[in-house]
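Comments concern the structure below.
Throughout, read-outs are computed from the coordinates displayed, never taken from laboratory work. Just so it is clear, the model here is predicted, and its values are computed rather than measured. Please note: Cβ atoms are built from the backbone with ideal geometry, for glycine as well, and neighbour counts cover all protein chains shown.
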Amino acid sequence: MLRHLFGCREDEIAQMKKQHQREMMKLALTIVFVVVMLKLFKQLKFFSMLEAVMKLESGNKPVVRVRYRDLLFISKKSEEDEVFIREMDKISWAFVGKYGRGYVFEQDGEELFVHKRQFLGLYDVYSIGNKEYFYTKTSALVQ
């Protein structure tokens, strides 16, 4: 029936179907790739994270601040959590306790929650939750 409509042989029609399927598969994979990359860049601030990893690997600091605006710190996964706690102590935040995968720090009666997650399975990323308060209390110390 298709042969009569298009004036093509059946093998040509089958070949056109296969080519169409390949094109649709390429389009679907491209869309999935773009969505995954956008999510990765947004969630992990990918370029900033890679820059911080380079600083961490090339320097002798156990903890590196990713960017001041995002309030992310990064350390090698092999480092103990105590290294990050000491880094926070340097900028006047006292360690109160651990809460799940997070840490609670205190300064002048105000608490700060820091969430810990992994990056590339080799690094620990510490992100500060209450950014506005952190900015006002530590802006001069962290710059």
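What to note about this one:
- Candidate aspartates and glutamates - alpha carbon under 18 Å from LYS77, same-chain residues fewer than 8 apart omitted: GLU51, GLU57, GLU87, ASP124
- Relative exposure of VAL34, VAL53, judged by other C-beta atoms within 10 Å (fewest first): VAL34, VAL53
- Extension gain, LYS39 back to GLN107 (0.36 nm per residue minus Cα-Cα distance, nm): 21.1 nm
- Gain on full stretching of the segment that runs from GLU82 to ILE31 - 0.36 nm per residue minus C-alpha separation: 14.1 nm
- Taking Cβ atoms as reference points and 14 Å as the exclusive limit, the residues near ILE85 contribute a net charge of -4, counting Lys and Arg as +1 and Asp and Glu as -1.
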